[in-house]
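In what follows, a structure is listed as structure tokens, so that the remarks can point back to it.
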Amino acid sequence: MKYAKALLVAGSALSISAPVLAQDAVDGTFTGPRAEIIAGYDSSTAGSRIDDDASIDNDQSIEGVVYGGALGYDFNAGGVVLGVEGEYTGSTADVEFNDGDFEGFGLGNVETGRDLYVGARVGVLAQPDLLVYAKGGYTNAKYNIRSASGTRNLDQDIDTDGYRVGAGVEYAMTEQSFVKLEYRYSNYSNAEIDFQGDAPDTANFDIDTDRHQVVAGVGFRF
């Protein structure tokens, strides 16, 4: 149900964006530099190695809205599109306490911080103005550690490293504008505690955190 709702939200965002950019569709070239803004559904969950199914009061996930922007460059190789991209996002997802329901997913009392992604994608033209693609790359996300009451952030955060894979569709509204809908899955397996100031960071340690996102995007080519 969570992912179905996310798809509805992302689809609504696309329907709102389309009239704003509406012009006669042209054959999409899907080539050259691009910039875009994205927003959608974000969920961080406990990985399979730290499931806490014995505790019925722990749903082992936090949900919120992911938002941000991306830059990329694509090359159309005769029906196959190759590209590279980088992304910076934030999220509203955080741990909540509802009638004793602690949404613990292995990282303690945290709120989701910034997320950096760099990777590549490959796609095929389902039609001249519609690209279907898959993507993958490296992601570095932070989870800001909060006080026990959850009322303020502390002077440290959990800095995580992992990989991301995903798939989506991109529709060329014009040669210079497009909309897209994308699902991506990330897994973070390595982390350290970052301290502010001169305090040294901790050594790396293993974690197991899954992340699911469904996002809609609006962008322009140059």
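The values are calculated or read from the model by the stated rules, or taken from the named source; none is laboratory data. Everything numeric here is computed off the predicted structure, so don't read it as measured data. Please note: Cβ atoms are built from the backbone with ideal geometry, for glycine as well, and neighbour counts cover all protein chains shown. Quick note on the areas: whole protein, heavy atoms, side chains included, nothing else; ligands and nucleic acids left out. Shrake-Rupley method; radii C 1.70, N 1.55, O 1.52, S 1.80 Å.
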Do we have I37 as open to solvent by 40 Å² or more (accessible area, probe 1.4 Å), among the β-branched types (V, I, T) and modelled with pLDDT under 90 here? no
Select, from V165, V132, the only residue that is part of a strand (DSSP E or B), surrounded by fewer than 19 Cβ atoms within 10 Å (Cβ to Cβ) and out of contact with any Lys or Arg (no Cβ under 9 Å at 6 or more places or on another chain). V132
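For every residue, the table says whether it meets (1) open to solvent by 60 Å² or more (accessible area, probe 1.4 Å); (2) in a strand (DSSP E or B).
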{"position": "V65", "(1), (2)": "yes, yes"}
{"position": "Y73", "(1), (2)": "yes, yes"}
{"position": "G104", "(1), (2)": "no, no"}
{"position": "N140", "(1), (2)": "no, yes"}
